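This report refers to the structure that appears directly beneath it.
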Amino acid sequence: MAIALQAVSEADEPFLLELYASTRREEMAACNWPEAQLAAFLQMQYRAQRLSYADAYPGAEHSLVLEDGRPIGRLLVWRGPAETRLVDISLLPAARGRGIGSRLLRQLMQEAAAARSPLRLQVLTTNPARRLYLRLGFRRTGGDPVYDAMEWTPAE
């Protein structure tokens, strides 16, 4: 499997909306909304997230994750003067649990180590990816009942 990153373009918006919806449909199932209402809600939430990220992390690198040339996810990384921040990493359900996220995270960790800066992220406390972050050496540095702030710091 060949994994590559490619800069996101406007033409990728339908895929990015589909990807976002794939991360939220399960939790939204409890609402029992008609499909049209659920789709409209997910589209609204996707747009709100996109605008929020653009406002909070101007200049962030937004990439599609490609497997053998096909989009399977996205990676949003902001590089600041004192940190590298993983803003978002998302993979389609069929791509999860296959080591792709680990590979991408290790690449970011190598980059952070070369820059001698921490790699930081925020994750829902209920997100299964939290276990992956802990396994890779991230530690909780704060948060609230809904989100954990986490950080990986390169060894000196």
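The values are calculated or read from the model by the stated rules, or taken from the named source; none is laboratory data. All figures in this text were calculated on a predicted structure; none of them were measured in a lab. Counting neighbours? That spans all protein chains shown, and the Cβs are built from the backbone with ideal geometry, glycine included.
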task = Name the residue, out of 75, 5, 16, that is more than 23 Å from residue 147 (Cβ to Cβ), within 16 Å of the chain's Cα centre (by Cα) and modelled with pLDDT of 95 or more.
result = 5
ask   = Which of the residues spanning the stretch 99-152 are in contact (Cβ under 8 Å) with a residue 40 or more places away in the chain and either more than 22 Å from residue 3 (Cα to Cα) or out of contact with any strand residue (DSSP E or B) (no Cβ under 7 Å at 6 or more places or on another chain) (or both)?
value = 113, 152
inquiry  = Return the residues of the stretch 1-18 that are closer than 25 Å to residue 80 by Cβ, exposed (fewer than 10 other Cβ atoms within 10 Å of the Cβ) and aliphatic (A, V, I, L, M); say none if nothing qualifies.
reply    = 7
message = If I filter the stretch 123-156 down to residues being over 16 Å from residue 112 (Cβ atoms) and among the polar types (S, T, N, Q), which single residue comes out as nearest to the chain's Cα centre (by Cα)?
response = 127
message = Here is a list: 82, 36, 21, 48. Which entry is of a type outside the set (Ser, Thr, Tyr), without any contact (Cβ under 8 Å) to a residue 40 or more places away in the chain and surrounded by 11 or more Cβ atoms within 10 Å (Cβ to Cβ)?
response = 21
ask   = Can you tell me which residue in the stretch 114-135 is surrounded by the most Cβ atoms within 10 Å (Cβ to Cβ), limited to those that are part of a loop (DSSP other than H, G, I, E, B) and modelled with pLDDT under 95?
value = 117
remark   = Residues in the stretch 136-156 that are surrounded by fewer than 17 Cβ atoms within 10 Å (Cβ to Cβ) and hydrophobic (A, V, I, L, M, F, W, C) total 4
query = Which condition number does residue 74 fail, the rest of (1) within 15 Å of residue 18 (Cβ to Cβ); (2) out of contact with any helix residue (DSSP H, G or I) (no Cβ under 7 Å at 6 or more places or on another chain) being met?
reply = (2)
